[in-house]
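Step one of this worksheet: look at the structure below.
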Amino acid sequence: QVQLVESGGGLVQTGGSLRLSCAASGSISSINTMGWYRQASGKQRELVAAITSGGSTDYADSVKGRFTISRDNAKKTVYLQMNSLKPEDTAVYYCNAVLKELVITPYGNYWGQGTQVPVSS
């Protein structure tokens, strides 16, 4: 029932910008942390950025100063503003949320389908 749907991915040139969005929907009672992960070809999935319900953020060292994560709690949406993109940013980006479903007491991890971000050199 719960879904995380990413949007905004696509081809971008080196030095360009892109804004990813991820909207949560379904029978959700509350959302704790939301974040973005990425997985490059042949590599493991890694945390890019995360944001708590209170607005505290955490970033991977490789994206600090270039990426900004934000959220709109009313819209149940998390954003990732990506600036000064580099070829090494090329990956499939996945939305993640720690949330509680309406009929389930514990929090659980939920993932989006992923959106491709190819950065041309």
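The values are calculated or read from the model by the stated rules, or taken from the named source; none is laboratory data. Predicted model, so just to flag it, every value in this text is computed and none were measured. Positions of Cβ are generated from backbone atoms using ideal geometry, with glycine treated the same way; all protein chains shown enter the neighbour counts. These area figures cover heavy atoms from the full protein model, side chains too; ligands, DNA and RNA do not enter into them. Shrake-Rupley method; radii C 1.70, N 1.55, O 1.52, S 1.80 Å.
Descriptive notes on the structure:
- Relative contact order of the chain: 36 percent, from C-alpha pairs under 8 Å at least 6 residues apart in sequence.
- q = 0.14, 0.19 Å⁻¹, the range 28-121: log10 I(q)/I(0) [Debye, one scatterer per Cα]: -0.52, -0.89
- Peptides 101-111, 2-12, 28-38 ordered by average Cβ neighbours within 10 Å, highest first: 28-38, 2-12, 101-111
- Only alpha carbons enter this Debye calculation for the range 79-121, each as an equal point scatterer, and the log10 of I(q)/I(0) it gives at q = 0.15, 0.27 Å⁻¹ is -0.52, -0.97.
- Neighbour net charge for residue 26 - beta-carbon separation under 12 angstrom, K R +1, D E -1: +1
- Most mobile of 61, 72, 89 in a GNM of the chain (Cα contacts under 10 Å): 61
- Anchor residue 86: lysines whose Cα lies under 23 Å away (excluding residues fewer than 8 positions away in-chain): 43, 64
- Local electrostatic count, residue 16, Cβ distance below 13 Å [Lys/Arg +1, Asp/Glu -1]: +2
- Gain on full extension, evaluated as 0.36 nm per residue between residue 70 and residue 39 minus their Cα-Cα distance, stands at 9.1 nm.
- Cross-link partners of residue 75 among lysines (Cα-Cα below 19 Å; sequence separation of 8 or more within a chain): 100
- Maximal additional length on extending the residue 107-residue 60 stretch stands at 14.5 nm, based on 0.36 nm per residue less the C-alpha distance.
- Comparing 23, 60, 74 in a Gaussian network model of the chain, where Cα atoms under 10 Å apart are tied by springs, the biggest mean-square fluctuation is seen for 74.
- Apportionment of accessible area to carbon and sulfur, the chain, percent (1.4 Å): 45 percent
- Cα-centred dipole magnitude for the chain, charges only on beta-carbon of K, R (+1) and D, E (-1), debye, nearest 20: 100 debye
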